[in-house]
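Bear in mind these aren't lab numbers, they're just calculated from the coordinates by the rules spelled out. Given the structure is predicted, the values throughout are model-derived calculations rather than measurements. Neighbour counts run over all protein chains shown; Cβ positions are idealised from the backbone, glycine included.
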Amino acid sequence: MLKNRRLLCLALASTVMLSACGFKLRGSVLGENLPFKTLYISVPESSSLGAELRRNIRGSGELQIVSEPDEAEAQLQITSESKSRQILSLNSQGRVREYQLNYRVTMRVIDNQKRELLAPTDIVLKRDLSYNESFVLAKEAEAQMLYQDMQSDLVQQILRRVAVIKPPAQTEENGDAGTSSTSGASSAVPDAGGTVPNAAAPR
């Protein structure tokens, strides 16, 4: 049992180290058909989630991250980010035996005209953590590694949502095309009596 836990901790630590170095285990999920090529990420520079997002996007080579929102064709906004834990179970002495770790992020994407490309979306991840008061420091370290793993998963889920964004201009252009073709033809409609309003009387 102890050996299995050590192997789990070693595997988690290796994942964290590879992620920190920018090594992408899952590959880029961004495609080449994005409706924008420059992106501003509205997340504090001190945020580890923001840092991992920027690192993954730069590594994809498909988007340029800019430092000012006015320079971007689109903005990725992380409007909220929170971590929490709740008790899942107690032992026979009434002490905590298992926690559930929660990581919640709310994101949205707008273009440079403030049009919403992606409505506010909640992403919530959960992990279970067994607990033992005799190993408080080790369990806290394990919790941090689980949060890091959830953060990497969140980054991938955020990028997947960005990858499927469609430009609103496509819909608007189609609508404009339909309007122009209609206006090119006669728009007069006969009234109930069968006459066309404003039609010239025959001579």
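From Cα pairs below 8 angstrom and at least 6 apart in sequence, can you work out the relative contact order of region 29-163, rounded to a whole percent?
23
Run through region 93-141 and list the trypsin sites (Lys or Arg not before Pro) located in a DSSP loop whose Cβ has at most 15 other Cβ atoms within 10 Å. Intermediate values should be presented prior to the final figure.
Working: sites: 95, 97, 104, 108, 114, 115, 126, 127, 139; in loops: 95, 114, 115.
Within region 93-141, the qualifying trypsin sites (Lys or Arg not before Pro) (loop, at most 15 other Cβ atoms within 10 Å) are 95, 114, 115.
Between residue 121 and residue 97, what FRET efficiency follows from the Cβ-Cβ distance if R0 is 35 Å, with the result rounded to 0.05?
On the way: r = 34 Å, r/R0 = 0.96.
Step by step, r from the Cβ atoms, then E = 0.55.
Here the extension length gained between residue 157 and residue 88 equals 22.3 nm, from 0.36 nm per residue of separation less the Cα-Cα distance.
Strictly over 25 Å apart at the Cα level, which of 126/166; 37/126; 37/114 would you flag in this model?
Numbers: 126/166 29 Å; 37/126 33 Å; 37/114 16 Å.
126/166; 37/126, as the Cα separations exceed 25 Å there.
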